[in-house]
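These notes concern the structure reproduced below.
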Amino acid sequence: MRVSIDTDALAFGFPILLHGLVNTILVCCAATFIGFAAGIPVALARLSRWSMMRLPVVAFVELMRDTPFLVQAFIIYFGLAELGIRLDATVAGVLALSLYATANFSESIRGAILSVPKGQFEAARALGIRYFSLIGRIILPQSLGYLVPALTNQIIGIIKDSAALSVITTPEMSMAAQVVVGESFRPVETYAMVAVLYWALTTTVVTLMRQVERAPRRIWRSGERAGVDHRLPIEVSE
Amino acid sequence: MSAEAQALMHGALFTLEASVVGAVFGIMIAVMIALLRQAALAPARWIAAAYVSFIRGTPLFVQILVVYFLLPGVGLDLSPLQSGMVALSLNSGAYISEMIRGALTAIPPGQVEAAQALAIPRRWIWLRIILPQVAVLIVPPLTVELAALIKGSALLSVVGVVELTRSAQQIIAVTFEPLGTWAKVAFLYFLMCFALGQLTRQLQRLKTTGLAV
């Protein structure tokens, strides 16, 4: 039995892993922003009255949600290469994670939009408010109470799933771990340290998102005191 | 059926088996964790909470690798499949324990109070009143977890377990046709997870119409 912790291996690997952690944060940030930006139109298309809009989006979302992220990454990195589209490992990684994020975020956004009472849509239509103003100024601000906790979970999922990108050699933290193990031959210490760093990252994100979550609630509370419907943030009327 | 199709079907079946086994062990771990979280002893509760937080806060990919490299170091000589199943079970145990926690809060406290008023022993309250209801409430989220396990088990390919993803890699090493093979693999995963998703929807509908519980 060999139970000894090699502190030299920890000291050797730590800076390399920190560099990988920064890359993981960058890749996940990119995927989160792209996923959120693309997720809104995808969610709206899925809620559309026209099946021409709805069906392709439903197919995309269900395919992304019902297949392993690892397989999606393989298709984008190795599958596209067969068609002559050779992507850099980083580009392929960000692309795969962004597509995955888009599908997952769009479902949260769709749920958030559906959480807003139907009367809001009807009232806006009756007042002749344009579609983009309706969505951007009336529906999305009110759905934040539902959306933010759901997105927190999705972002945590993105961070954890990004570890699989090391298999297509995207230079993030798990890939850095492989590099460290290749040099130090201490996989247990290295991967344990990687696990702690991932845990620190996800815990930090959860704590930060809690703060974001609190912000609109403060607005709601002031609304409640004034006897206003709690689902209506006051700032919407401008 | 061609040899390739046969290998893929075999891999898909193996993925399904590994996921079910992972879920079964996961349920056992989850029940222990859920009981620990109810324990009177505070350190027991802390350990359970730390376990759940750590598993839910780290990638399954890293968990699989830690278990794979750690167990031989402490004298347990396990095959890649065995260590992979340990990682998968430990992982799903944490998630399922959270589902049990959710189900426990869904049971009205009035039931326990009524049972206590009737002087029913604590053991019976758990075995006859709480757990049977938890067992029903947990079924729809369990199907969601099983789908997550099917997708998560793809990561077992990294330590050399020949499930669906690994068998696809073996095929590609011979045929050099990644796109077609991965498309087939994605379709097989999709079939399994989509079918489970539909089952989840049906089960949730049953619950809302009051047939369950």
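Does A:Ser4 satisfy the criteria of being more than 30 Å from B:Leu146 (Cβ to Cβ), within 14 Å of another protein chain (Cβ to nearest Cβ) and among the polar types (S, T, N, Q)?
yes
If you take just the helices (runs of 4 or more DSSP H) that sit entirely in segment B:81-192, which of them hold at least 3 residues that are more than 12 Å from chain A (Cβ to nearest Cβ) and over 12 Å from the mean Cα position of the chain (by Cα)?
B:109-117, B:131-137, B:164-175
Filter segment A:1-52 down to the residues that are among the β-branched types (Val, Ile, Thr) and within 18 Å of the chain's Cα centre (by Cα) and list them by number.
A:Val22, A:Thr24, A:Ile25, A:Val27, A:Thr32, A:Ile34, A:Ile40, A:Val42
With respect to the numbered conditions (1) surrounded by 14 or more Cβ atoms within 10 Å (Cβ to Cβ); (2) at positive phi, which one is the sole condition not fulfilled by B:Gly75?
Just one mismatch for B:Gly75, condition (1).
Take A:Ala81 and decide whether it is modelled with pLDDT of 95 or more and in contact with a helix residue (DSSP H, G or I) (Cβ under 9 Å, 6 or more places away or on another chain).
Considered against the rule, which asks whether it is modelled with pLDDT of 95 or more and in contact with a helix residue (DSSP H, G or I) (Cβ under 9 Å, 6 or more places away or on another chain), A:Ala81 comes out as no.
Can you tell me how many residues in segment A:62-89 are of a type outside the set (S, T, N, Q) and in a helix (DSSP H, G or I)?
Counting residues in segment A:62-89 that are of a type outside the set (S, T, N, Q) and in a helix (DSSP H, G or I) gives 18.
Tell me, please, whether a residue that is charged (D, E, K, R), surrounded by 14 or more Cβ atoms within 10 Å (Cβ to Cβ) and free of Cβ contacts under 8 Å to residues at least 40 places away in the same chain can be found in segment B:44-54.
Checked against the condition, which is being charged (D, E, K, R), surrounded by 14 or more Cβ atoms within 10 Å (Cβ to Cβ) and free of Cβ contacts under 8 Å to residues at least 40 places away in the same chain, segment B:44-54 yields at least one hit.
Test B:Val158 against the criterion of being at pLDDT 90 or above and surrounded by 16 or more Cβ atoms within 10 Å (Cβ to Cβ), and give yes or no.
Criteria met by B:Val158.
Need pairs with beta-carbon distance below 9 Å; first residue within 7 Å of chain B (Cβ to nearest Cβ) and within segment A:68-79, second in a helix (DSSP H, G or I) and basic (Lys, Arg); sequence gap 6+ or separate chains.
These pairs meet every condition: A:Pro68/B:Lys151; A:Leu70/B:Lys151; A:Val71/B:Lys151.
For every residue, the table says whether it meets (1) modelled with pLDDT under 95; (2) more than 23 Å from A:Val71 (Cα to Cα); (3) of a type in the set (S, T, N, Q).
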position	(1), (2), (3)
B:Val31	yes, yes, no
B:Arg37	yes, yes, no
B:Val52	no, yes, no
B:Met85	no, no, no
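Scan segment A:90-136 residue by residue and report those that are small (Gly, Ala, Ser) and either outside any helix (DSSP H, G or I) or in contact with a strand residue (DSSP E or B) (Cβ under 9 Å, 6 or more places away or on another chain) (or both).
A:Ser115, A:Gly128
Just checking, does segment A:40-61 include any residue being modelled with pLDDT of 95 or more, closer than 27 Å to B:Pro178 by Cα, away from chain B (no Cβ under 14 Å) and in a helix (DSSP H, G or I)?
yes
Pull up segment A:137-153, narrow it to residues that are touching a residue at least 60 places away in the same chain (Cβ under 8 Å) and within 10 Å of the chain's Cα centre (by Cα), then point me to the one that is surrounded by the fewest Cβ atoms within 10 Å (Cβ to Cβ).
Looking at the filtered set, the residue picked out is A:Thr152.
Each row is one residue, and each column tells you yes or no for (1) out of contact with any helix residue (DSSP H, G or I) (no Cβ under 9 Å at 6 or more places or on another chain); (2) at pLDDT below 95; (3) crowded, with 21+ Cβ neighbours inside 10 Å; (4) among the charged types (D, E, K, R).
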| site | (1), (2), (3), (4) |
| --- | --- |
| B:Met1 | no, yes, no, no |
| B:Phe25 | no, no, no, no |
| B:Ala34 | no, yes, yes, no |
| B:Ala42 | yes, yes, no, no |
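The values are calculated or read from the model by the stated rules, or taken from the named source; none is laboratory data. Since the structure is predicted, the reported quantities are computational estimates derived from the model, not experimental observations. Ideal geometry is used to build each Cβ from the backbone, glycine not excepted, and the neighbour counts take in all protein chains shown.
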